[in-house]
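All of the numbers you see were taken from the coordinates with simple rules; none came from a lab. On a predicted model such as this, the values are computed, not experimentally measured, just so you know. Cβ atoms come from the backbone with ideal geometry, glycine included; neighbour counts cover every protein chain shown.
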Amino acid sequence: MPVKLPKSLLLGTFKTSQGWCAAAWTDKGLSVFIISQTSKERAVQKATNYLPPLPRYFWNKPLGSVPVLIKKETRKALAGKKFKAVPVDLFFMTGFQQAVLSATAQIPWGQTRTYGWTAAKAGSPRGFRAAGQALNRSPISLLIPCHRVIASGSKLGGYGGDLNWKIKLLKLEKMRVQRSSDGSYKVLQALIK
């Protein structure tokens, strides 16, 4: 069944010290958030890749002004400061994907949880692989802190963006990440449950 596009959906961009960000949001909350792109156009293109097909009338609208809360919390996060969750509207994602991202949003700043923990919180205790896939498809970089979810044994696991970004974001939250002799990365200093 096709996803119904909310009429209130808007798209906008803003620049941070790390590059261009793009956001798509509705009157209910943030739907897509892309960070650290080299141009406004690239940020918009990446953001639209997450959304269902957009009708022609959508593209006739000018870019909107990204809500102040989104810009404020983004700048705090990129500066290594604690940031608050923002309301989200993930109208195009499945119930399980939404549950995984909701659980992830509850992980405190400076702490990590495993894919298994996230799956259990989402209602599927054995669904750690499915939880990992949902996180990999997360349309909201940074503000839903997928970088705080790691594999068992403190290994980093994957990251939908770039593993170097995951390492950078964890370090911004005062966590130590070290490369192991097998080439993988581990979080050494974090609360793991």
For the stretch 16-96, which trypsin sites (Lys or Arg not before Pro) are both in a DSSP coil and crowded by at most 14 other Cβ atoms within 10 Å?
-> Lys28, Lys81, Lys82, Lys84
Along Cα→Cβ, 7 Å out, is where each label goes; now give me the distance between the ones at Thr94 and Tyr57 in nm to one decimal.
-> 3.1 nm
So between Lys76 and Ser152, what do we pick up on full extension, going 0.36 nm a residue minus the alpha carbon distance?
-> 24.5 nm
To one decimal place, what Kirkwood hydrodynamic radius in Å is obtained for the stretch 10-78 from all pairs of distinct Cα atoms?
-> 12.2 Å
May I ask you to list the residues of the stretch 106-144 whose amide nitrogen lies under 18 Å from a point 7 Å from Cα along the Cα→beta-carbon direction of Arg176?
-> 110-112
With +1 at each Lys and Arg Cβ and -1 at each Asp and Glu Cβ, the charge dipole magnitude of the chain around its Cα centre, to the nearest 20 debye, comes out at 400 debye
Rounded to whole Hz, the Karplus (6.51, -1.76, 1.60) HN-Hα couplings of the stretch 177-182, x for glycine and proline = 10, 10, 7, 7, 4, 8
Length released on extending from Ser65 to Gln111, taking residue separation times 0.36 nm less the Cα-Cα span | 13.4 nm
How large is ³J(HN,Hα) for each residue in the stretch 28-39, as worked out from phi by the Karplus curve 6.51 cos²θ - 1.76 cosθ + 1.60 (θ = phi - 60°), to whole Hz, x for Gly and Pro?
-> 8, x, 6, 10, 9, 8, 10, 10, 6, 9, 6, 8
Using the structure shown, list the pairs from Lys71/Lys168; Lys40/Lys171; Lys46/Lys166; Lys81/Lys168; Lys84/Lys174; Lys4/Lys61 with a Cα-Cα distance above 23 Å, or answer none.
-> Lys40/Lys171
List every residue whose amide H lies under 5 Å from the amide H of Val88, counting only residues 5 or more places away in sequence or on a different chain, with H placed 1.01 Å from N in the peptide plane.
-> Leu30
List, in order, the whole-Hz ³J(HN,Hα) value for each residue of the stretch 61-76 obtained from phi through the Karplus relation with A = 6.51, B = -1.76, C = 1.60 and θ = phi - 60°; use x for Gly and Pro.
-> 7, x, 4, x, 8, 4, x, 4, 4, 5, 5, 5, 5, 4, 5, 5
Positive-end residue of Cys21, Gln178, Val86, charge dipole of the chain with Cβ unit charges = Gln178
